[in-house]
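These notes concern the structure reproduced below.
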Amino acid sequence: MGARLTATTTALVVCLAMFAARPAQAAEAAPAGPILTIESRLAPIRQMTMAEIERLPRGGFATRTPWHDVKTRFEGVPLPAFLAAIGATRGVVTVSGLDGYVVDLPVEDPRNAQAVVAYKRDGEYMRIRDKGPLFIIYDYDADPALQTDQYYARSIWQIRSVKVE
Amino acid sequence: MAAAVALDNPKRRTMAARAARMPWLLPIILLVCAIGLAAIAKLQRDIDTINARSSRFEIVAATPRALFEADETRLAAHAYFEKPGEEAAARLKQAFEILYGRMNDLRAGAHRELHAASEVARSTHERAMDTVETLDSEIQSLGLFSRHERFDALFVDLVHNLQSFAAEGLRFHAARSRADYERVQKLGWWQVVLTAALLVSISSSLLLALAQTRRLRAAHAAAHGLSQKYAYLANHDPMTGLANRRHGLDLVERLIARAEAEDAEIGVVCLDVDRFKQVNDTLGHAAGDALIVAFAERLRAMSESWTDAALMRLGGDEFVLSMIVRADGPQLIDYAREVSERLADAYEIEGHVVSIGASVGATSRKAAGCRWMRMLAQADIALRHAKERGRGQIALYEKGMFETERRRHRMEQDLRFAMERGEIELHYQPIVALGGGLKRVEALLRWRHPDYGMISPTDFLPVAEDAGLILEMGEWALRAACRDAMRLPAHIGLSVNLSAAQLIRVDMAERVRDALAQSGLPARRLEVEITEIAMMRNEARVARFIAEATASGVSVALDDFGAGYSSIGYLRRFPCSRLKIDPSFIQDVERDPEARAVVRAVVSLAHALDMSVTAEGVETQGQALLLAAEGCEDAQGFFFARPMPLSALIDWATRAEGQGLKQAG
């Protein structure tokens, strides 16, 4: 796609990309190298790669979200399994995104069971522009209580680091 | 009686009553309340939905972030321009990726409404997106960076469009906030209205319920009044307003309970207006009723002046008083006397002064374990005894009375069959001439009772009279005596007693003639004896009977003279051929000069009126001699002979003829 296109044709290209680029996106490779930094008071800072994250238990569901036009399927690590894997047992973990967004997640919230730390959307790894590589998603359709600002605010994307108390 | 039906002020009633008469009103109000409540809840939900609209802040927050991220990308690009390298390229790409992602966000979620509502938002976002797409391809290839000016121009364009988009977003947000605010206010207003309506409904339903309660209470009061009225009617005698038997028993029960509690006696006083029938007959029933009412008034005043007394009217002229008799208070006899004395005062009835009294029977006993109905029966027995003694008498119940009563009752039962069984016999007592010789016999009834033995007529005739058997018995005696007399020598006369009841019969003279005809006894041999009391019962009819009897040849004797009123007037009015002096005068004639004087006077009076004199109850020779000396013609008594059956009489007569009679001289 390297060709220089005029401004008028750019829109058309974008539209086409929605359809035509998809097969290309299907080839989206897993991000290489460390993607997540884990800080803890009790342990040294460590980093995780997508491969390491993918070795954790898997889960997923399809739901509508405020950020997508259609019902979308997400796959990733169930949030309780993720929190257990990073050694969070109580209190809150502080999650930071690439865009500077920071949110606290209570470790013991029972609704954590309805969330995944997603790394795939519709079967594809997510680029940063698509809120990847990691995106905490709740199964909003499953429970109206999740369709609230509280849980939308916890739905952090472009996750960069997690700090365990 | 105060049948007070509690009714409210009518003005206040009408509205409440009108509302209360609409029974569907309350359910409808309650339904309206329920609907109102549901509406209020719905409004609250709507308000909550508006307030809780999620992610709305993003419209305000996301665009500034996009602007910030665009600037970050520009800075990263400039860093790369100054010092190109792997690290700078990676930082630039990441910054752009974040920007790109944000640009997508400006179309998603809450921004969809903004795009739908605003052409400006749509076009500025579209233009910004075009720029980003251009940047994308340049950054991917890192090809643009030889021409700074072009790159910066793209950024100026992007920031310009984003600022326009942000301004539009803020406008939209402000407008929607205001709309939301207004909508919330409106919903809130409706909530207030509905709440007010709800309060009005609830309070009106309360008022309605109150009205209905009031109406129910009024209806209840009315029903209570009516029921009291009917209870009163059921419990009281309508004429006098006194308690009737039913209610009286209730009163008595309470009285007994009180007396029992203080271990006192309970007294029962029965009373009966003397000669009430006579008042009714002579002054009329209205006067009779007025007398009963006046009577009741006196009794009521009396019973109210006593502490703890109950008064009831059993019907007719029968009243019953019951009272607690305490050891330290008036005794039964005091109560009985007060009743008797107070009732004896004259009454003024319809302009007539009526002097009439009451007979009183009374009894009392310990309240504990007493049976009042039995006491009433005893007081009634005492009352009968009092009445037998005459008018205005008081009798307290004694044990013997019950025995007498029982015996009398038994007698009455037995007497009904005594005739059929042949237990009634005729005995004859000779009446002799004091000058010598059997002149006649008096037929006397005897009852040979299987258990009690021979019963004298003074005992059983009153019973027969009460039982209504006297006519039959008298008739039988008359005919049987006539038949028996035929077996006696022709010179011996027969005396037969006629009761008052028989004399009331219109055809009595005819019956006498018939008895004579049946037996064949000559009229001149028969003499009928009539008591003064029987004459008094119906003077006119007795006078006629005497006239008819005398006309047919039957003679008439005035019996028991001296036992009753001994009215000289009767002697004149009833032309009898003979006078029988009562035994009570004869008894004392030997000892008592006054009795002798009376006998002398009666004899001379009888002779003056052309009557012969027979002395009854002569028991000694001395009496017989004395009576003969006073000019008495005939005599009868135990001194001469007791009453005896016919066969014995025939023997006696034969013997007497042979031996010569006991004679006075």
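Each value in this text was obtained by applying a stated rule to the coordinates, not by laboratory testing. Given the structure is predicted, the values throughout are model-derived calculations rather than measurements. All Cβ positions, glycine included, derive from the backbone under ideal geometry; neighbour counts span all protein chains shown.
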_Candidates per trypsin sites (Lys or Arg not before Pro) in the range B:561-623, loop by DSSP, up to 10 other Cβ within 10 Å_ = B:ARG591
_Per-pair calculated FRET efficiency, R0 = 51 Å: B:GLU318 and B:SER647 via Cβ, rounded to 0.05_ = 0.55
*Please say if the range B:490-534 is rounded, prolate or oblate, where rounded means a/c under 1.5 for a ≥ b ≥ c the square roots of the C-alpha gyration tensor eigenvalues, and otherwise the choice is prolate for a/b larger than b/c and oblate otherwise?*
oblate
*asked:* If I take every Cα pair under 8 Å that is 6 or more residues apart in the range B:245-397, average their sequence separation and divide by the length, what percent do I get for the relative contact order?
replied: 31
*Angle between the Cα long axis of helix B:25-51 and the longest principal axis of chain B, 0 to 90 degrees, nearest 10?*
20
*Spin-label point model (7 Å from Cα, Cβ direction): what's the A:ARG64 to B:LEU216 distance in nm?*
5.4
*Under the classification rounded if a/c is under 1.5, otherwise prolate if a/b is larger than b/c and oblate if not, where does the range B:493-650 fall, given a ≥ b ≥ c as square roots of the Cα gyration tensor eigenvalues?*
oblate
*What's the average, rounded to a whole number, of partner chain beta-carbon atoms within 10 Å of each residue's beta-carbon in B:134-141?*
3
*Under a 5 Å amide H to amide H cut-off, with H placed in plane at 1.01 Å, what residues pair with A:VAL93 once short-range neighbours are removed?*
A:LEU105, A:VAL107
*Using alpha carbons only, how many degrees (0 to 90, rounded to 10) separate the axis of helix B:646-659 from the longest principal axis of chain B?*
20
*Sparsely packed chymotrypsin sites (Phe, Trp or Tyr not before Pro) within the range B:603-657, loop by DSSP, other Cβ within 10 Å at most 14*: B:PHE638
*Looking at the square roots a ≥ b ≥ c of the eigenvalues of the Cα gyration tensor of the range A:30-164, which shape do they give, rounded for a/c under 1.5, prolate if a/b is larger than b/c, or oblate?*
oblate
*Would you pull out the residues with amide H under 5 Å of B:ILE349's amide H, same chain only if 5 or more places away, H placed 1.01 Å from N?*
B:VAL354
*Mind checking the range A:57-165 for chymotrypsin sites (Phe, Trp or Tyr not before Pro) that DSSP puts in a loop (not H, G, I, E or B) and that have at most 14 other Cβ atoms within 10 Å?*
none
*Which whole-number percent gives the relative contact order of the range B:394-485, counting Cα pairs below 8 Å spaced six or more residues apart?*
23
*Working from Cα positions, state the angle (0 to 90°, nearest 10) between the long axis of helix B:399-418 and the longest principal axis of chain B.*
70
*Exposure proxy check: A:SER96, B:SER364, B:SER604 ranked by fewest other beta carbons within 10 Å?*
B:SER604, A:SER96, B:SER364
*Compare the peptides B:189-201, B:482-494 by average per-residue count of other Cβ atoms within 10 angstrom and give them in order, highest first.*
B:482-494, B:189-201
*Can you tell me the alpha carbon radius of gyration of chain B divided by the globular rule-of-thumb value 2.2 N^0.38 Å?*
2.40
